[in-house]
Amino acid sequence: MTDSSGFGRPAPSRGGRPAPSRARRCAAFTVTECLVALVLLGAAVALMAQLLATAGVQRRVADQHALALQETSNLMERLFAVPYSELTAERAAELRLSESARQRLPEPQLEITIKPVAGETAAKEIRISLRWLDRSGRHGAPVALTAWRHEDRRNGS
Amino acid sequence: MTGNRRGTTQIEMLVIISVCSVVMGASGVLLHGMYRAGKESRLAIEAGAAVARLSLQFRRDAHAAAEAELLKEANDKAAGLMFRGSFQPTIEYRQQGRAIVRTAKQGDKVVHLDSFGLPAGTEFSWTLDVGQPSVAAIRIARPTRRGTNLDAMFSQRIEAVVSIVRQTRGEP
């Protein structure tokens with residue numbers, strides 16, 4: 001394609017008198033066009049590469065979310081294992097994140113609140129919220145899990 | 001003049017061809033990267049769905065069970081977990097190839113079989129912390145990117161308290 005435009009165009013100009021300068025400009029212009037097209041293509045490729053990198057980062061963020069969600073579920077399991085009477089904020093404060101979560105989530109902030117809920121049967125609201133440093137260098141929206149635990153039934157019905 | 005012009009054209013052609021090859025090389029690398037990224041994210045999504053399903057089922061089984069037992073291989077390595085209850089089928093979790101298989105057995109008869117497929121290269125480990133109450137756990141580590149140690153493995157641990165239902169109901 002570039003071959004025919006490079007050699008084919010100047011050929012008819014050889015006969016005419018005012019043509020050579022125009023033909024030369026024309027041939028040069030074709031090369032410029034080609035280069036411009038290639039540069040544009042290169043820019044598009046660079047843009048796509050950037051997009052690809054973004055996709056990779058997004059996948060890592062999704063992995064972090066999945067990990068945080070699993071982590072909060074595990075902590076909730078542990079809190080459901082302790083007897084109802086021992087379920088206090090002090091007990092919850094003893095809980096620690098797992099090794100893999102501390103490795104994967106930069107500067108994790110774990111917050112567990114336990115508060116009593118008024119109602120027919122005594123209940124406690126457990127809220128576990130986990131946030132970490134995201135790419136923008138801030139602590140983003142937390143992954144939070146809330147559960148309500150009612151007093152053991154052996155005391156009641 | 002004609003010779004001069006032809007020479008210029010050749011150099012120009014060379015320039016174009018070299019730039020062209022550079023761009024084509026870059027797009028080749030890009031296409032390969034896109035293909036790989038697509039494959040990786042598909043695998044990650046599949047793994048995520050399988051792990052979510054597994055953790056739900058695993059926790060449910062652990063909560064409902066009366067007791068749990070670590071299944072051992074001949075070389076004393078943990079190969080799976082078993083949950084036993086008095087009025088329900090025995091549940092076994094085992095690794096089969098690159099999947100975790102959940103088998104529900106009534107006596108020796110298999111009542112139900114379920115498989116949670118995970119990407120190739122996934123490693124599993126099983127633990128059971130015996131205590132009051134016991135905590136059963138599966139650790140799943142899957143490779144994230146081939147060749148680089150940047151983030152070697154993505155590991156997740158699914159923990160479940162054994163016999164939580166019985167405990168809260170105050171059954172023996």
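The values are calculated or read from the model by the stated rules, or taken from the named source; none is laboratory data. Quantities reported herein were computed from a predicted structural model and do not represent experimental measurements. Cβ atoms come from the backbone with ideal geometry, glycine included; neighbour counts cover every protein chain shown. Ligands, DNA and RNA are stripped out before the accessible areas are found, and what is left, the full protein with its side chains, is counted by its heavy atoms. Shrake-Rupley method; radii C 1.70, N 1.55, O 1.52, S 1.80 Å.
Could you tell me whether B:E73 is within 14 Å of chain A (Cβ to nearest Cβ), out of contact with any Ser or Thr (no Cβ under 6 Å at 6 or more places or on another chain), open to solvent by 40 Å² or more (accessible area, probe 1.4 Å) and not hydrophobic (A, V, I, L, M, F, W, C)? Here the answer is no, as B:E73 does not meet what is asked. Here the strands (runs of 3 or more DSSP E) wholly within the stretch A:44-155 that include at least 3 residues being out of contact with any helix residue (DSSP H, G or I) (no Cβ under 8 Å at 6 or more places or on another chain) and of a type outside the set (S, T, N, Q) are A:109-117, A:123-131. Can you say whether A:I128 is away from chain B (no Cβ under 14 Å) and open to solvent by less than 60 Å² (accessible area, probe 1.4 Å), as far as the supplied structure shows? In short, no. Looking only at residues of the stretch B:39-53 that are out of contact with any Leu (no Cβ under 8 Å at 6 or more places or on another chain) and within 9 Å of chain A (Cβ to nearest Cβ), we find that the one that is most open to solvent (accessible area, probe 1.4 Å) is B:I45. Screening A:S100 on (1) open to solvent by 30 Å² or more (accessible area, probe 1.4 Å); (2) at the interface with chain B (Cβ under 7 Å from one of its Cβ atoms); (3) more than 16 Å from the chain's Cα centre (by Cα) shows it passes everything except condition (1).
Looking at this structure, is B:R84 surrounded by 14 or more Cβ atoms within 10 Å (Cβ to Cβ) and modelled with pLDDT under 90?
Numbers: surrounded by 14 or more Cβ atoms within 10 Å (Cβ to Cβ): yes; modelled with pLDDT under 90: yes.
Judged against the criteria, B:R84 is a match.
Screening A:A23, A:A37, A:A11 for residues that are part of a helix (DSSP H, G or I) and at pLDDT 85 or above leaves exactly one candidate, A:A37. Of everything listed in (1) within 14 Å of the chain's Cα centre (by Cα); (2) open to solvent by 70 Å² or more (accessible area, probe 1.4 Å), the single unmet condition for B:F124 is (2).
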